[in-house]
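One structure is given here, and the rest of the page talks about it.
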Amino acid sequence: MRRISGQTLSRLGLAAIVFVLFAVSDPDFATASNLNTVLDGFAFAGLAALGVGVTIIAGEFDLSIGSVAAVAGIIAVLASGLGLVPAVLIAVAVSTVFGLLQGLAIVRFRISSLVLTIGTLIAVRGIAYVLSGETTVIAQDLSVADAIKQRLWIFSPFSLTTIALFVLVGAFLKYHRWGREIFAVGGARNEAQAAGVGLYRPIAVAFALSAATAGLAGSLVSLKSGSATPIAFEGLLLPAVTAALIGGTSLAGGTGSVVGIAIGALTIRFIVSGLSLRGAPFYVESLAMGTLLLLVLIFELVFELPGARSFWARRRARGVVAEA
Amino acid sequence: MSQAVESPVGAAAAPTEEAGSRAHLVMPVVVGAAALLLALVGAVTTPAFVTGENVLNILRAAALVGIVALGMTFVTMSGNYFSLSVQQTAAFSAIGFAAAMSWGWPLPVAVLAVLALAALIGVLQGGIIAAGMNPIITTLGAGAALFGLAATLTDNRTVRVGSTAAEFLGRGQILGIPTQSWAFVLLTIVAALVLARTRFGRTVILVGANAPAATATGLNRAFVALTVFTVSSLGAGIAGVFLAAQIGQGIVNQFETLNIDAIAAVLVGGTAVSGGDGSVLRTAAGTLFIAILTNLMLLRGYPFGLRILLQGVAVIIGVVAYALLRSRGRS
């Protein structure tokens, strides 16, 4: 426990250093209005990171979140005539059911989650195009999103919802039996199964959660802008994974914390905001994020944090059992 | 020496092969038959499908994805899942080739320089993966970094080849067949021979089938990881050169769907993501299947969304069917 809090502290320190560097070098950075933008970005990337993080903790990986977010955004905009809350609920419900089915299929057919989710990544993107008629769909009543656009000092309803969700998911993972099962099958799958933990529930819950958070992020962002395009959120996976890894989620499975993921998401939003304030074009963001992810990986390798050498360790530990 | 290595290879590989023997025999036939059936359906229902020009279209479209998918097959066979950076590597190579040609470099020098660059990109990623990092995450990060780097270097602008020296490479035909299709066929043969007949190929297969046994018998897993990512990066580099030569320019978002297209070809072909079980010919058959499917849907005027939806469904059906087939073979 002491060790975990120590790691959390060092991650918080990293986030603080990044924050201070940008705040000192750019007077526009630490303003309430920019921090409001940063936190909205945090809400977006953080939600996706939370979902992907949970699947990584479960020892799996969900590649399909970008496509799911796009479909959820389109559904929410199409349903926006019903009002903000029903539109979001419908979009999230559809996403959740999809994620649940995806998780069940992974266990039932013993397919690697990477393989199934790359198939659904393609197919669900196709659904986004079909649903939207291949064009941008626009909400009929743009005032539907007024509630999300409010500013409460540096917060917004979007970022507050995300923070609340982080607390809820964190409590669920730590204190609820179903949540602890996710850690168990991620960390030591064979032992967990021998101890009587079934695979269906934790994997299905993890993928349902992942699709639900991606769907929530996609629908809220789309409603906020009043429109949704089928091509949206293609780059969602990268910040999500980077945030989860900066946050100390181990690729070996079984290790990770919601607080760490939140700090990771906050760190990368600081960087993105700092770069965009300087007028850097979008592709510099891609360069920075990709380099950051590689640095995190190399850092993990060099310092042998838990999770280093994870890939081969996992192949050794699991053998052919679940990797058909 | 070779005997000492060979006998444990046989012993360790035997259980997998035995278990999957039915799948082994059935799969390439199934994919090939599916591609043929699809071609037959196309010929009957869509008159424009069987014209000579359209067949050339299919061959040309299949070639670039196919060349990349061949390299990807090595990655998958070695148990390293996929590379998510081949499309960025291909675009980077296309830009590099266009730039080198516009600087007036001789064609062979430009091609070799670009392939060396592609190999280097592969070595860097392979190095991180060989050290023990997850291949998907590594290539995800490397892909984003490469995209950002290429866009930054070119200011996100198009780089023109600016000479006709490379035209034959991209648009020429030998005996009526496009150059890139010849390259695809030749590379398929080479890759199939390397994977099935050389010691390196068998090492890749064994490491993919059973990593602990491979380590125990002294095979160098890290070296395999390093090499397979270099091979897949080289495939992407070749595709980049061909496309830049074909359309006379390089730009950063030139290959928007190459990652998933190449992965789809490998998966539809039936190479197992767990490693060790698959073949280059299966991937070639998978590439043809997807090329024929895409071409048919294009001719019939299916919108883009429906096309990728059906492509995704084909992948999902494929992987579920193969997973069921394999678990049957095992039990």
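Structure above, values below:
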item	result
Overall Cα dimensions of the range B:65-143, principal axis frame, Å, largest first	41, 24, 16
Rg and Dmax of the range B:247-298, Cα atoms only, in Å	13.2, 39
Reduced Cα scattering model of the protein assembly as shown, Debye log10 I(q)/I(0), q = 0.07, 0.09, 0.11 Å⁻¹	-0.44, -0.74, -1.13
Cα-based equivalent ellipsoid, the range B:172-325: semi-axes from gyration tensor eigenvalues, Å	29, 21, 14
Distance between modelled label sites at B:ASN253 and A:THR161, nm, 7 Å Cα→Cβ extension	2.8 nm
Cα point-scatterer Debye curve for chain A, base-10 log of I(q)/I(0) at q = 0.13 Å⁻¹	-0.95
Calculated P(r) of the range B:244-331 - Cα pairs past 19 Å, %	49 percent
Mean ellipticity per residue at 222 nm, deg cm²/dmol - from DSSP H runs of n ≥ 4 across the protein assembly as shown, formula -39500 (n - 2.57)	-25500 deg cm²/dmol
Normalised convex hull volume, the range B:74-220, alpha-carbon set, Å³ per residue	126 Å³
Cα-derived Rg to Rh of chain B, Kirkwood definition	0.98
Calculated FRET efficiency for the pair A:THR136/B:LEU36, C-beta based, R₀ 35 Å, to 0.05	0.30
A:ALA194-B:ALA43 FRET efficiency (beta carbon distance; Förster radius 41 Å; 0.05 resolution)	0.15
For the range A:80-97, 3J(HN,Hα) per residue [Karplus equation, 6.51 cos²θ - 1.76 cosθ + 1.60, θ = phi - 60°, Hz, x = Gly/Pro]	5, x, 7, x, 4, 5, x, 4, 5, 4, 4, 4, 5, 5, 4, 4, 4, 4
Per-pair calculated FRET efficiency, R0 = 25 Å: A:ARG278 and A:ALA30 via Cβ, rounded to 0.05	0.95
Peptide B:145-154 - average C-beta neighbours from other chains (10 Å radius)	5
Convex hull volume of the range A:83-235 per residue (C-alpha atoms, cubic angstrom)	127 Å³
Relative contact order %, the range A:208-298, counting alpha carbon pairs below 8 Å whose residues are six or more apart	23 percent
Residues A:GLU285, B:GLU53 arranged by fewest to most Cβ contacts within 10 Å	B:GLU53, A:GLU285
Order of B:TRP182, A:TRP178 - criterion: other Cβ atoms within 10 Å of each residue's Cβ, fewest first	A:TRP178, B:TRP182
Distance (nanometres) between label positions extended 7 Å along Cα→Cβ at A:THR8 and A:ALA147	3.2 nm
Per-q log10 I(q)/I(0), the range A:120-167, q = 0.17, 0.21, 0.22, 0.30 Å⁻¹ (Debye; single scatterer per alpha-carbon; no solvent)	-0.78, -0.82, -0.82, -0.97
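Readers should treat all values here as calculations from the given coordinates under stated rules, not as data from a laboratory. Only a predicted model underlies this, so the values are computations on that prediction, with no experimental measurement involved. Counting neighbours? That spans all protein chains shown, and the Cβs are built from the backbone with ideal geometry, glycine included.
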